[in-house]
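Heads up: the structure comes next, in structure tokens.
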Amino acid sequence: MKAAVIGYSGQIGEILTQSLIDLTICDTLYLIGRKNLGLESKKISFIKTDFSEESIQQLKLEDLDVLYICIGTTQKKTPNREEYFFVDYHIPTKIAEQLKKYHCKKVFVVSALGADSSATNFYLNTKGKMEEKIISLNFDVCGIARPSLLLGNRKEFRLGEFIAKSIFKIINPLFFGSLKKYKGIEASQVAKSLEWMNENQKEKVRIFQNQELLDL
């Protein structure tokens, strides 16, 4: 299997990348991004890009089996809306579009719970538009994960997120029934769900809500 990951240095992408390194069936793994993490594996090929239009057009990976999109930012880290839209919409859609031209078969995307192109919330609106664009590219298989608040450790410390995660870990057992869809989810669970999609998804397009990710 030939696979590619964008957002490989993020909370979900890092776990997914290590899992793909360990996966016997994956013999070629392209990491597309700005920085080389220096991971030691013969199957890894690092492709440096600044995600500009010209740089993306240089991505000519023939017959890629699967593209994993784990890239994303936060409004606190990227307060400028144009820059935020560039990261959460432009990068994933343009790379997916480029690799589809070179016959990439499957794409699996990390989005967010509540993503909706008609939402008034800028974050959810952007995620919704990103989903719609990638679906329109007509991959053989397209799976979209919509997780709730991500639990687990992150490299960079964010006070607000740390407090939210601490609270969620305490109240998570209270989320059942109709509230289960809001339950916090470990980043490792989302990464494993992406692998499950690649191995098992039969539908051409399927959106996995947070509760489905937890069940997987």
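Remarks
- Filter result for the condition that a residue is in contact with a helix residue (DSSP H, G or I) (Cβ under 9 Å, 6 or more places away or on another chain), farther than 22 Å from Gly143 by Cα and not small (Gly, Ala, Ser), over Thr73, Thr78: Thr78
- Residues being of a type in the set (Ser, Thr, Tyr), assigned to a loop (DSSP other than H, G, I, E, B), at pLDDT 95 or above and closer than 30 Å to Arg81 by Cβ are entirely absent from segment 132-139.
- If only residues of segment 43-56 that are out of contact with any Asp or Glu (no Cβ under 9 Å at 6 or more places or on another chain) and either in a loop (DSSP other than H, G, I, E, B) or of a type in the set (Phe, Trp, Tyr) (or both) are counted, the one that is surrounded by the most Cβ atoms within 10 Å (Cβ to Cβ) is Phe51.
- Scanning segment 8-37 for residues that are in a loop (DSSP other than H, G, I, E, B), closer than 17 Å to Leu194 by Cα, touching a residue at least 12 places away in the same chain (Cβ under 8 Å) and not aliphatic (A, V, I, L, M) yields Tyr8, Ser9, Gly10, Cys26.
- Residue check: Val107 meets all listed conditions (1) closer than 25 Å to Gln211 by Cβ; (2) over 18 Å from the mean Cα position of the chain (by Cα); (3) outside any loop (DSSP other than H, G, I, E, B) but one, namely (2).
- In segment 16-37, the residues that are surrounded by 21 or more Cβ atoms within 10 Å (Cβ to Cβ) and in contact with an Asp or Glu (Cβ under 9 Å, 6 or more places away or on another chain): Leu16, Leu20
- Answer from Glu40, Glu62, Glu82 - the residue that is surrounded by fewer than 17 Cβ atoms within 10 Å (Cβ to Cβ), assigned to a helix (DSSP H, G or I) and either in contact (Cβ under 8 Å) with a residue 40 or more places away in the chain or not hydroxyl-bearing (Ser, Thr, Tyr) (or both): Glu82
To keep it simple, each residue is scored yes or no on (1) of a type in the set (Ser, Thr, Tyr); (2) touching a helix residue (DSSP H, G or I) at 6+ places or on another chain (Cβ under 6 Å).
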site	(1), (2)
Ile12	no, yes
Asp22	no, no
Lys42	no, no
Ser45	yes, no
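The values are calculated or read from the model by the stated rules, or taken from the named source; none is laboratory data. Since the model is a prediction, treat every value here as computed from it, not as a measurement. As a convention, Cβ positions derive from the backbone with ideal geometry for all residues, glycine included, and neighbour counts pool all protein chains shown.
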